[in-house]
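J.: Below is one structure. I have some questions about it.
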Amino acid sequence: MVVCVFVITLYLPKQPRFRYEFEKGKTWMNKDLISPFSFAILKTSPQVVIDKKDALNNVLPIYKYDEDVFKGQSEAFLNEFDVKWKSNAFAENEKEGAKQAAYKMLELVYKKGIIGLTAKHQKDGKNYDFSLLNNNVSIKSNSQDVFTVESALDYFKSNYRSINARVKDAVIDLVESHLKPNIIFDEELTLTVQNSTLNSLSTTKGMVQKGELIVAKGNIIDDEVYQKLLSYKDAYEAQTKTIGDNRLVYLGQVLLVGFIITLLMVFLFLFRKDIFADNRQLSLLLLVITSMLLALTWAIKLNLPSLYYIPFCIVPIIIRILFDTRLALNLHLLVILVAGFFVPNSFEFVFYQTTAGMVAIYSIKNLIKREQLLVSAFFILAAYFVSFVGIALLREGSIKQIEWMNFLPFIFSVLLSLLAYPLIYAFERVFGITSDVALIELTNTNNKLLRELAFKAPGTFQHSLQVANLAEAAIFKIGGNSLLVRAGALYHDIGKMENPQYFIENQNTSTSPHDKLPYEQSAQIIIKHVHKGIEITRKHKLPENVIDFIRTHHGNTRVDYFYQSFLKNSPEKFVDENIFRYPGPIPFSKETGVLMLADSVEAASRSLKNPDAQSINDLVERIINYKLEQDQLDNCDLTLKDLETIKLIFKTMLMSIYHVRIDYLQTT
């Protein structure tokens, strides 16, 4: 308990919690809220988005004027001009004039600038404004004020003059290959300016002064007041990080978590003493609590967009399957109550998780089929959906205003809850707990140990099956774990595999190996099957609660046949009764008590020569009364009403087994 409290509180957030819960459109039910300090009013998220969009629209894309482009292209143009002129055999006396005219026009075009248009800047039209950066001086310009490669070429075609058309065409072709943009978009610098602009945007609008009324009791929380409350909450939590005493916060966490763990222990002490007395099971419960709250802490520190991604419903699923409904609900509520202190909108969070956890518990009565987890997941998702829609309508008052994307974390959480299946298996192995799934596997008669019993001691195997049927029917009627009883019944005589021929149900001849043995030795061989059964089942790692049926199915009764035979044939000898008595203990639960009765009744019924309704009735009454007289049922919580029910079921089933026809008295 101390380690659990220490680990949980060590990692939980340490700043003090804001004390008020509020919703837009609701009435402020607390006292008048006066600001204890001055704080800025935060803009709403939509307003911040609009401001950012407007700011980005006001930041013009930045283009740089690159002088090196003209230098490179002009040199290449002059060099290629002479070659092209000579290859076309134009008159040499006209060359220099044509060259200078073309060069001056090329220089004029590059001086004005050739822009490389960017498609993403043309969303509002072909032409757009931009900032032209030249020698670290920025000038606002428009794309229509400068040339593009196409418009520069058109300019040449319209303004270049030559008497010879062939000369003009040759010069135009040469110029076209040397028109390159020298006004180039600088994306990196533009992004830098945009980020700087966004960072300099104010996220606040106005101030609330110290001593000013934020909201009065009974007032409706409208948009303006709601924003003030959000701003006050943020300012409060920011200040308490530096002003609040973390040691006192930690003390508060220790008190709350310690109180929650103490409540759990009180519940276990009052209602589940078996778990309270078992350190392994206690460790499992505390581990589950610690793990879930550490997962919450991890999510808070990572600033997950929603804390509803955490599969809190995995807790009630695991505890319900491994233990029972009351403990599952109790533990889930305790975890949610602690978590509620550290999540926003605590009431909503507690409502979501409590209702979903209850649905999870109700949807898994017994996990005997794998698809039950999927069915449970569907019901949990449905519970989340109903709560989500209900709270959204309560808050917004409009279906159109529901933000359906906010439901995605719940879907993810439900999918994660399916991890309960492998976790249950791991917990069973580590903590020695037996779930219904494990019991179903044990009751499969095709498993290795039961097949070995059927091969080595077929009579014992058939006896075990009949006992299982009797005990399961009885415990189902009076209330109890029928799967556990069936598993215990199938394995209760597993120790008879050691010497099967010494037990009457496995003997096929009229002679018995006991005929050649002293009565004391025969009794010890019979008694030994209990010790041997415990040894075999522990070797095969069967659960202890199944092994309990082996230990208790004979209680501390005597092996009466050999005891009475010894007294009859050796009256002069001293009798050590313990030699003929089973080691016990006597049954200590409904399940073990029912198995003892079923085992004795089924074994005795095999001795009936002509079974009929009366003989079966007398047999069942005699066996159960004898167990009561021998104090074998003192420690199991079977009531007299339970015993009458058990008798009726045993009689009915034995009559069916032996095909006894019941005579009904007809009255008029």
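The values are calculated or read from the model by the stated rules, or taken from the named source; none is laboratory data. Bear in mind that the values here come from a model prediction, so they are computed numbers and not experimental data. Please note: Cβ atoms are built from the backbone with ideal geometry, for glycine as well, and neighbour counts cover all protein chains shown. Keep in mind that these areas ignore ligands, DNA and RNA; they rest on the heavy atoms of the full protein, side chains included. Shrake-Rupley method; radii C 1.70, N 1.55, O 1.52, S 1.80 Å.
J.: Order of 54-61, 400-407, 543-550 by packing, highest average Cβ count within 10 Å first?
T.: Values: 54-61: 13.0, 400-407: 10.8, 543-550: 21.0.
Highest mean packing first, the order is 543-550, 54-61, 400-407.
J.: In 5 Å bins starting at zero, report the fraction of Cα pairs in region 495-641 per bin as a rounded %.
T.: So the P(r) values, bin by bin, are 2, 9, 15, 19, 20, 18, 12, 5, 1, 0.
J.: Expressed as an acute angle from 0 to 90° and rounded to the nearest 10, what is the orientation of the C-alpha long axis of helix 67-87 relative to the principal long axis of the chain?
T.: Around 60 degrees separate the two axes.
J.: What do you get when you divide the Cα radius of gyration of region 72-121 by 2.2 N^0.38 Å, with N the number of residues? Can you show the working numbers first?
T.: Numbers: Rg = 14.6 Å, N = 50, 2.2 N^0.38 = 9.7 Å.
This ratio for region 72-121 stands at 1.50.
J.: Let me ask something else. Nearest 0.05, what FRET efficiency do residue 615 and residue 588 give at R0 = 35 Å with Cβ-Cβ as r?
T.: Details: r = 32 Å, r/R0 = 0.91.
For R0 = 35 Å, the calculated efficiency reads 0.65.
J.: Once you've got the Cα coordinates, tell me which of 516/627; 205/233; 448/590; 71/104; 53/126 are over 25 Å apart.
T.: Working: 516/627 31 Å; 205/233 16 Å; 448/590 28 Å; 71/104 13 Å; 53/126 21 Å.
Flagged as over cut-off: 516/627; 448/590.
J.: Which aspartates and glutamates have a Cα lying under 16 Å from the Cα of residue 301, excluding residues fewer than 8 positions away in the same chain?
T.: 237
J.: Per residue, how much accessible area does region 543-668 have with a 1.4 Å probe, in Å²?
T.: Numbers: 7120 Å² over 126 residues.
Normalised by residue count, the accessible surface of region 543-668 is 57 Å².
J.: On the Cα set of region 214-347, report Rg and Dmax in Å, please.
T.: So, for region 214-347, Rg and Dmax equal 18.6, 57 Å respectively.
J.: Could you do me a favour and compute the accessible area per residue for region 1-154, 1.4 Å probe, result in Å²? Write down the numbers at each step before the final one.
T.: Working: 9220 Å² over 154 residues.
Normalised by residue count, the accessible surface of region 1-154 is 60 Å².
J.: Over all directions, what mean area does the Cα convex hull of region 609-653 project, stated in square nanometres?
T.: On the way: hull surface 13.8 nm².
Mean projected area of the Cα convex hull: 3.5 nm².
J.: Going 7 Å from the Cα of residue 309 toward and past its Cβ, which residues in region 390-431 have a backbone nitrogen under 19 Å from where you end up?
T.: 404-420
J.: Which three extents, in whole angstrom, do the alpha-carbon atoms of region 562-649 cover along their principal axes, largest first?
T.: Reported extents, whole Å, longest axis first: 45, 35, 16.
J.: At residue 184 and residue 134, where each label point lies 7 Å from the Cα along Cα→Cβ, what is the point-to-point distance in nanometres?
T.: Here the answer is 1.7 nm between the modelled labels.
J.: In whole percent, what relative contact order does the chain give with Cα contacts below 8 Å and a gap of six or more residues?
T.: Working: 808 pairs, mean separation 80.9, N = 668.
Contact order relative to length: 12 percent.
J.: Can you work out D for region 475-518 in µm² s⁻¹ from Stokes-Einstein, where Rh is the Kirkwood radius over C-alpha pairs, the temperature is 25 °C and the viscosity is 0.890 mPa s? Mind showing how you got there, number by number?
T.: On the way: Rh = 13.0 Å.
Value of D from the Cα-based Kirkwood radius: 189 µm²/s.
J.: While we're on this one: With charges only on Cβ, +1 for K and R and -1 for D and E, what is the dipole size of region 66-119 about its Cα centre, in debye, rounded to 20? Could the numbers behind the result be given before it?
T.: Numbers: 8 positive and 10 negative charges, 36 e Å.
Here the size comes out at about 180 debye.
J.: Going toward the positive end of the dipole of region 123-198, with +1 on Lys and Arg Cβ and -1 on Asp and Glu Cβ, which of 151, 181, 163 do you reach last?
T.: Result: 163.
J.: Next question, about the same structure. Let a ≥ b ≥ c be the square roots of the eigenvalues of the Cα gyration tensor of region 273-317; is it rounded (a/c under 1.5), or, if not, prolate (a/b larger than b/c) or oblate? All intermediate terms of the calculation are to be shown ahead of the outcome.
T.: On the way: a/c = 5.82, a/b = 2.60, b/c = 2.24.
Cα axes put region 273-317 in the prolate bin.
J.: OK, next. Express the carbon and sulfur contribution to the solvent-accessible surface of the chain as a percent, rounded to the nearest whole number, probe 1.4 angstrom.
T.: Working: 20540 of 36520 Å².
On the chain, the fraction of accessible area on carbon and sulfur atoms equals 56 percent.
J.: Might you report the magnitude of the Cβ-based charge dipole of the chain about its Cα centre, with Lys and Arg at +1 and Asp and Glu at -1, to the nearest 20 debye? Please report the intermediate quantities before stating the final value.
T.: Working: 72 positive and 70 negative charges, 55 e Å.
It comes to approximately 260 debye.
J.: Sticking with this structure for a sec: Sort out for me the Cα centre separation of region 485-539 from region 143-211, rounded to whole Å.
T.: Here the answer is 100 Å between Cα centres.
J.: Please give the peptides 315-327, 332-344, 82-94, 475-487 ranked by average Cβ packing (other Cβ atoms within 10 Å per residue), highest first, as a rough proxy for protection.
T.: Values: 315-327: 23.0, 332-344: 19.3, 82-94: 11.8, 475-487: 21.2.
Ranking the peptides 315-327, 332-344, 82-94, 475-487 by packing returns 315-327, 475-487, 332-344, 82-94.
J.: Which FRET efficiency, nearest 0.05, do residue 521 and residue 629 yield, Cβ-Cβ r, R0 35 Å?
T.: Efficiency at R0 = 35 Å is approximately 0.80.
J.: Shifting gears a bit: In terms of modelled amide H atoms, which long-range or inter-chain residues lie less than 5 Å from the amide H of residue 215?
T.: The answer is 33.
J.: Which Cα, out of 113, 229, 193, lies furthest along the positive dipole direction of region 104-261 (beta carbon charges, K/R +1, D/E -1)?
T.: 113
J.: Can you tell me how much longer the chain between residue 544 and residue 421 gets when fully stretched, taken as 0.36 nm per residue apart minus their C-alpha distance, in nm with one decimal? Write down the numbers at each step before the final one.
T.: Working: separation 123, 0.36 × 123 = 44.28 nm, distance 2.17 nm.
Extending this stretch completely gives an extra 42.1 nm.
J.: Mind checking the full-extension length gain between residue 24 and residue 412? Use 0.36 nm per residue of separation minus the Cα-Cα distance, one decimal, nm.
T.: Values: separation 388, 0.36 × 388 = 139.68 nm, distance 2.75 nm.
Gain on stretching residue 24 to residue 412: 136.9 nm.
J.: Within 10 Å of each candidate Cβ there may be at most 14 other Cβ atoms; applying that plus a DSSP loop requirement, which trypsin sites (Lys or Arg not before Pro) in region 145-193 survive? All intermediate terms of the calculation are to be shown ahead of the outcome.
T.: Values: sites: 157, 161, 166, 168; in loops: 161.
Taking region 145-193 and a limit of 14 other Cβ atoms within 10 Å, the loop trypsin sites (Lys or Arg not before Pro) found are 161.
J.: Let me have the relative contact order for region 537-601, percent, based on Cα pairs under 8 Å that are six or more residues apart.
T.: 44 percent
J.: Taking the highest mean first, how do the peptides 183-189, 529-535 order by number of other beta carbon atoms within 10 angstrom per residue? Intermediate results must be reported in sequence, preceding the final value.
T.: Values: 183-189: 15.9, 529-535: 19.6.
By packing density, highest mean first, the sequence is 529-535, 183-189.
J.: Which three lengths, in whole Å and largest first, does region 148-220 cover when its Cα atoms are put on their principal axes?
T.: 93, 24, 17
J.: Another question, if that's okay. By how many degrees, 0 to 90 and rounded to 10, does the Cα axis of helix 279-301 deviate from the longest principal axis of the chain?
T.: Once rounded, one gets 10 degrees.
J.: Same structure again: Expected output is a single nm value to one decimal: the length gained when fully extending between residue 378 and residue 203, i.e. 0.36 nm times separation in residues minus the C-alpha distance. What is it?
T.: Values: separation 175, 0.36 × 175 = 63.00 nm, distance 4.20 nm.
The span from residue 378 to residue 203 would gain 58.8 nm if fully extended.
J.: Rounded to the nearest whole Å², what accessible area per residue is found for region 247-336 with the 1.4 Å probe?
T.: Per residue, region 247-336 has 45 Å² of solvent-accessible surface.
J.: Further question: Compute the FRET efficiency between residue 273 and residue 246 as 1/(1 + (r/R0)^6), taking r as their Cβ-Cβ distance and R0 = 60 Å, and round to the nearest 0.05. Spell out each step's value before the answer.
T.: On the way: r = 39 Å, r/R0 = 0.65.
After rounding, the FRET efficiency stands at 0.95.
J.: Distance in nm between label sites at residue 477 and residue 568, each 7 Å beyond Cα in the beta-carbon direction?
T.: 3.5 nm
J.: Mind pulling the angle between the C-alpha long axis of helix 640-657 and the longest principal axis of the chain? Nearest 10 degrees, somewhere in 0 to 90.
T.: Helix 640-657 sits roughly 80 degrees off the main axis of the chain.
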